[in-house]
Amino acid sequence: MTLDSGQVFHWEKAGVGFLGAIGERAVYVEQRGDLLETTCDKALAGRYFALDHPLAEICASFPNDAPMNAARDFCCGLRMIRQPKWECLATFVCSSMKQVAHIRQISMKLRERFGAQRQIEDHVVYTFPTAQRIAASSEKELRECALGYRAKNLLATARQVASGDIDLETLAELSDGDLRVRLCKLPGVGAKVANCVMLFAYERLRAFPIDVWIERVLRQRYFPRARKLNAARLRTFTQEYFGSHGGYAQQYLFHHARKTNTKLKRKRAAFVTISGVR
DNA sequence: CTCCAGGGATGAT
DNA sequence: ATCATCCATGGA
């Protein structure tokens, strides 16, 4: 549930488990009931998958309404991963106006081209390239990874991180508001991407990214027929209504909507077929 | 084939 | 302060 929820984009199904990388290490993970089996250091996997999060307590803190209850039931076990900061930032700079399936492709191409190769059993996985490595590439090379107009932003952001102009680790000391402001100064980072990075890499469980899916959920399930519902209005509502674990609630709503896919897409015109027209 | 996607930056009202 | 456009690309 966690690895398929659109937080990370490089894990691949292998047998009953998944093959991927946690930071610099190639890892195989497999869930057996309520146990997690892994080939890597126990503490490393436990931290990455946030096994210390009190899931029952967090889910109990969600608001009690129909869409939230449905999402909670559907997403049982889903956790917010603790991602490496640069990896998360870079990936979501590449995510704008892209479907999850395509973000996966971009992520894999960047890894294969610029990352480090790791062997695990008879498989090969790649680590995510450092900011230094991306900064040393060119816009042309990045465009060859299918980034399109995002290539310029990724390159510029990588250069700021690689040069030490911005230190992603020390940003962790900042308040939510200050952290968001600093992240939004990076090219290709707006409120949505900043919130994703805050939620997935800085443990800011309040952060509530609003993308096209979540906006549809909010408008159709929480504000049916509401006039003048702008971005600011949605933002204040989500912060107050979903509370201190809003990011968790958001991810549950997102994953549920994306996987069930019912009645959220814009209605298409109904067609009938009439024969014998000619 | 068409539609649209885990948006952001920019310029016009 | 809000709104409209453009930006590349390819899965569905």
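Every read-out reported here was derived from the displayed coordinates using simple, explicitly stated rules and does not represent laboratory data. Note that the structure is a prediction, hence the values are computed from the model and not measured. FYI the Cβ positions are ideal-geometry reconstructions off the backbone, even for glycines, and counts take in every protein chain you see.
A Förster radius of 25 Å combined with the Cβ-Cβ distance from A:E30 to A:H102 puts the calculated FRET efficiency at roughly 0.40. With 25 Å as the limit, the listed pairs A:K85/A:K109; A:K98/A:K152; A:K192/A:K259; A:K85/A:K228; A:K42/A:K185 have A:K85/A:K228; A:K42/A:K185 beyond it between alpha carbons. Looking at region A:1-43, the pairs of alpha carbons with a distance over 17 Å make up 28% of the total.
Projecting each Cα onto the charge dipole of chain A (Lys/Arg +1, Asp/Glu -1 at the beta carbon, about the Cα centre), which of A:F49, A:I22, A:F223 comes out farthest on the positive side? It is A:F223. Just need the relative contact order of region A:1-145 here, percent rounded to a whole number, with Cα pairs under 8 Å and 6+ apart. Relative CO of region A:1-145 lands at 26 percent.
Against chain A, whose longest principal axis comes from its Cα atoms, helix A:246-260 is set at around 70 degrees.
Any idea what diffusion coefficient region A:87-192 gets from Stokes-Einstein, in µm²/s, Kirkwood Rh on alpha carbon pairs, 10 °C, 1.306 mPa s? Calculated translational D: 110 µm²/s. Computed from phi, the 3J(HN,Hα) profile of region A:15-24 under the Karplus parametrisation 6.51, -1.76, 1.60 (θ = phi - 60°) reads x, 8, x, 9, 10, x, 9, 10, x, 8 Hz, with x in place of Gly and Pro. Kirkwood hydrodynamic radius computed over chain A comes to 20.1 Å, based on all pairs of distinct alpha carbons.
Projected onto their three principal axes, the Cα atoms of region A:45-97 cover extents of 35, 31, 15 Å, largest first. The percentage of C-alpha pairs in region A:137-273 whose separation is greater than 28 Å is 33%.
Can you give the local net charge around A:C75? Use residues other than it whose beta-carbon is closer than 14 angstrom to its beta-carbon, Lys and Arg +1, Asp and Glu -1. Taking every other residue near A:C75 into account, the sum is +2. Taking every Cα-Cα distance in region A:23-157 and sorting them into 5 Å bins starting at zero, the pair-distance distribution P(r) comes out as 2, 9, 15, 17, 15, 15, 12, 9, 5, 1 percent.
Around the amide H of A:I120, modelled in the peptide plane, lie the amide H atoms of A:V125, all under 5 Å away and 5 or more residues distant in sequence or on another chain. The convex hull drawn around the Cα atoms of region A:179-223, when projected onto a plane and averaged over every direction, covers 3.5 nm². Normalised radius of gyration (Cα atoms, divided by 2.2 N^0.38 Å) for region A:148-213: 1.11.
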